[in-house]
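**Q** Before I ask anything, let me first share the structure, which is written out below as structure tokens.
The values are calculated or read from the model by the stated rules, or taken from the named source; none is laboratory data. Since the structure is predicted, the reported quantities are computational estimates derived from the model, not experimental observations. Neighbour counts are summed over all protein chains in view; Cβ atoms, including those assigned to glycine, are modelled from backbone coordinates with ideal geometry.
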Amino acid sequence: GYRGHGEEKTRVLISGTRRGLTPKLITDLRRRSAIEAEIGHMKTDGRLSRCPLKGATGDALFAVLCACGHNIRKILAHLRAWLACMIAALRAAINAPDQCHQIVIAA
């Protein structure tokens, strides 16, 4: 809801206000803020704007599938970064001088 709707039956929780909120509600508002950012990314990057599936079940299924796709894209990005680090480490190990066969004689 928005601030000036005048709804009396339900309680509208607005982020940024702390008056009258329990610690549980504060943590729930923080979690909601984090989830809303992810939903925004799914709407822009994951094509969540238009649902091609029919009915309420199709809407729910499309949202879950879009979230799965979003999570898979995040996992693949982490795997790409990990693979790049591993390749860089292997290249450094291959290009490093061989330390095993060097003999150091101290006088």
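**Q** Show the residue pairs meeting these rules: Cβ distance below 9 Å; 6+ apart or different chains; first residue within region 55-66 and of a type in the set (D, E, K, R); second residue surrounded by 12 or more Cβ atoms within 10 Å (Cβ to Cβ).
**A** From region 55-66, the pairs are Asp59/Cys51; Asp59/Leu53.
**Q** Moving on to the next point. Checking the conditions here, which among Arg91, Arg19, Arg30, Arg80 is modelled with pLDDT under 85, assigned to a helix (DSSP H, G or I) and not hydrophobic (A, V, I, L, M, F, W, C)?
**A** Criteria check complete, one pass: Arg30.
**Q** Being at pLDDT below 85, of a type outside the set (Val, Ile, Thr) and outside any loop (DSSP other than H, G, I, E, B): is that true of Gly58 here?
**A** It is false that Gly58 is at pLDDT below 85, of a type outside the set (Val, Ile, Thr) and outside any loop (DSSP other than H, G, I, E, B).
**Q** Determine if region 36-49 includes at least one residue that is loosely packed, with under 13 Cβ neighbours inside 10 Å, among the hydrophobic types (A, V, I, L, M, F, W, C), in a helix (DSSP H, G or I) and at pLDDT 85 or above.
**A** Within region 36-49, not a single residue is loosely packed, with under 13 Cβ neighbours inside 10 Å, among the hydrophobic types (A, V, I, L, M, F, W, C), in a helix (DSSP H, G or I) and at pLDDT 85 or above.
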